[in-house]
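The values are calculated or read from the model by the stated rules, or taken from the named source; none is laboratory data. Values in this document were obtained by computation on a predicted structure and should not be read as measured data. Note that we place each Cβ from the backbone using ideal geometry, even for glycine, and neighbour counts take in every protein chain shown. All accessible areas refer to the heavy atoms of the entire protein, side chains included, with ligands and DNA or RNA removed. Shrake-Rupley method; radii C 1.70, N 1.55, O 1.52, S 1.80 Å.
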Amino acid sequence: MKRIAVVPGSFDPVTLGHLDVVGRAAGLFDELHVLVVHNPGKTALLPIAQRVSLIEQSIAEAQLPGTIVVTSWSVGLLVDYCTDVGASVLVKGIRSQVDVAYETPMAIVNRDLAGVETIFMLPNPAHAHVSSSLVRQVAALGGDVSPYVPSAVYRYLQK
Ligand code: PNS
């Protein structure tokens, strides 16, 4: 049976930290789905389809190994997507204790709802301070975000 995992998130936009976790996780599963999910608690910068496209370009340019599917989900629970595609694991990147506190209740709820387990992965410490919200803020104020994002995202934000 194929081992399928999902890396869900807003990815608004995808950062080098996200890409690092996706690359590490891709090596652990037969198939990895990077799933763009609208988070109603956040004000979005990029349309969902654009986020998907930027992730696809970034994965291609980084030549990440393995079978990686990039798509979005907007109808119902995250675990419904997992059930639909036969995924039993969620992968989340953890940068700090703040992320642990944010992710733990979601991980427990997702396990209660559908038996989907969550695995926390540590990104390269070089990316530990990088977040999409920081990138959005720096980019909006005209700062250089090239150290934090894949070049496809950098090119898009420059336009
Ligand atoms: O990158 P983010 O914004 O921290 O990602 C959060 C996200 C989108 C993964 C989370 O909000 C989510 O899982 N939303 C889907 C709705 C859902 O299933 N909620 C109940 C379980 S947490």
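Values as computed for the structure displayed
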read-out: Eligible lysines near Lys2 by straight Cα distance, threshold 21 Å, same-chain separation 8 or greater; value: Lys92
read-out: Potential extension, Leu122-Val69 segment - 0.36 nm per residue separation minus Cα distance; value: 16.9 nm
read-out: The range 17-71 versus the range 118-155: alpha-carbon centroid distance in Å; value: 14 Å
read-out: Pairwise label distance in nanometres, Asp144 with Lys2, each label 7 Å out on the Cα-Cβ vector; value: 4.2 nm
read-out: Per-residue [θ]222 nm for the chain (sum of -39500 (n - 2.57) over DSSP H runs n ≥ 4, rounded to 500); value: -13500 deg cm²/dmol
read-out: Long-range tail of P(r) for the chain (Cα pairs > 26 Å, %); value: 21 percent
read-out: Cβ-derived FRET efficiency at R0 30 Å, Thr104 paired with Asp30, nearest 0.05; value: 0.65
read-out: Distant-in-sequence amide H partners of Val7 (H built 1.01 Å from N, under 5 Å); value: His33, Val34, Leu35, Val91
read-out: Alpha carbon Rg of the range 1-77, scaled by the compact-globule rule 2.2 N^0.38 Å; value: 1.06
read-out: Amide H within-cut-off set for Thr118, under 5 Å, with H built and near neighbours excluded; value: Leu90
read-out: Mean Cβ neighbour count within 10 Å, used as a protection proxy, ranking 47-60, 6-19 highest first; value: 6-19, 47-60
read-out: Highest to lowest packing among 107-115, 83-91, scored as the average C-beta count within 10 Å; value: 83-91, 107-115
read-out: Length gained when the stretch Ala60-Val85 is fully extended (0.36 nm per residue, less Cα-Cα span); value: 6.8 nm
read-out: Under 18 Å from Lys159, Cα to Cα: aspartates and glutamates that are on another chain or at least 8 residues apart; value: Asp12, Asp144
read-out: Relative contact order computed over the range 1-150 (Cα-Cα under 8 Å; 6+ residues apart), in percent; value: 32 percent
read-out: Apportionment of accessible area to carbon and sulfur, the chain, percent (1.4 Å); value: 57 percent
